[in-house]
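Trainee: Have a look at this one.
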Amino acid sequence: VPEGGGTTVTLQTRDLDGDGPDAPVITVSGDLAAGVTYNGSIELLNETEIPAEDITEEVEEEGLEHQFFFTVGTGLDVTTAYSDKEGTGVDSEGNSLGIEFTLTAGAVSSGTLTFTLRHEPNKPNNGLSDAEGETDIEVAFDIEVK
């Protein structure tokens, strides 16, 4: 959601057969506007259950064991920052989980933005490069800034 209003951009990956043979379906609804800062949030759903189970709550409850990381691919001019607040997306030691974030779109560009959820990362860390742990989820979105 852009700060100050505007068009919401949604990044979504759905893998309805879990570990089955079908690849996840990755969609991006809309393009980012150059010079705009967006407020983002991550929602994880287990849609193999009815009703869908909100896994985001589990990630928050086990906050010391989880953290999201954002990796900007070559050519894409965006920056990201954690914007979690105490009580929502912050572990018991005050470390952000990355459930809430800001994304600032720079100049017109395109590339990938990868979201990675690590299980049992080192905390605090300087990012994915020294977080270690195991990858629970990793998905790359093709993004355009216009």
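Trainee: Taking the alpha-carbon centroid of each part, what is the distance from the range 1-67 to the range 72-146 in angstrom?
Mentor: The distance from the Cα centre of the range 1-67 to that of the range 72-146 comes to 12 Å.
Trainee: Can you show me the helix-derived [θ] at 222 nm for the chain, built from DSSP H runs with n ≥ 4 at -39,500 (n - 2.57) apiece and divided by the number of residues, rounded to the nearest 500.
Mentor: So the helix-based figure for the chain works out to -1500 deg cm²/dmol.
Trainee: For the chain, what is the accessible area per residue in Å², given a 1.4 Å probe and the full set of protein chains? Please report the intermediate quantities before stating the final value.
Mentor: Values: 8450 Å² over 146 residues.
Using a 1.4 Å probe on heavy atoms only, each residue of the chain averages 58 Å².
Trainee: Amide H to amide H, which residues 5 or more places from PHE141 or on other chains are under 5 Å from it, using H placed in the peptide plane?
Mentor: Here the answer is LEU113, THR114, PHE115, since their amide H atoms fall under 5 Å of that of PHE141.
Trainee: Output wanted: per-residue J couplings in Hz (rounded whole) for the range 77-93, from phi through Karplus 6.51 cos²θ - 1.76 cosθ + 1.60, θ = phi - 60°, x for Gly and Pro.
Mentor: Taking θ as phi minus 60°, the curve returns 9, 9, 10, 10, 8, 5, 9, 4, 10, 3, x, 9, x, 10, 6, 5, 9 Hz for the range 77-93.
Trainee: Under the Karplus relation 6.51 cos²θ - 1.76 cosθ + 1.60, θ = phi - 60°, what is the ordered set of whole-Hz ³J(HN,Hα) values for the range 34-42, x standing for Gly and Pro?
Mentor: In residue order, the calculated couplings are 4, x, 9, 9, 10, 9, x, 8, 10 Hz.
Trainee: Moving on to the next point. Under the rule a/c < 1.5 gives rounded, and otherwise a/b versus b/c splits prolate from oblate, where does the range 81-143 land using the Cα gyration tensor?
Mentor: oblate
Trainee: Give me the percent of the accessible area of the chain that comes from carbon and sulfur atoms, probe 1.4 Å, all protein chains in place.
Mentor: Carbon and sulfur together cover 46 percent of it.
The values are calculated or read from the model by the stated rules, or taken from the named source; none is laboratory data. Here the structure is a predicted model, which means the values were calculated and not measured. Ligands, DNA and RNA are excluded from the accessible area calculation, which covers all protein heavy atoms including side chains. Shrake-Rupley method; radii C 1.70, N 1.55, O 1.52, S 1.80 Å.
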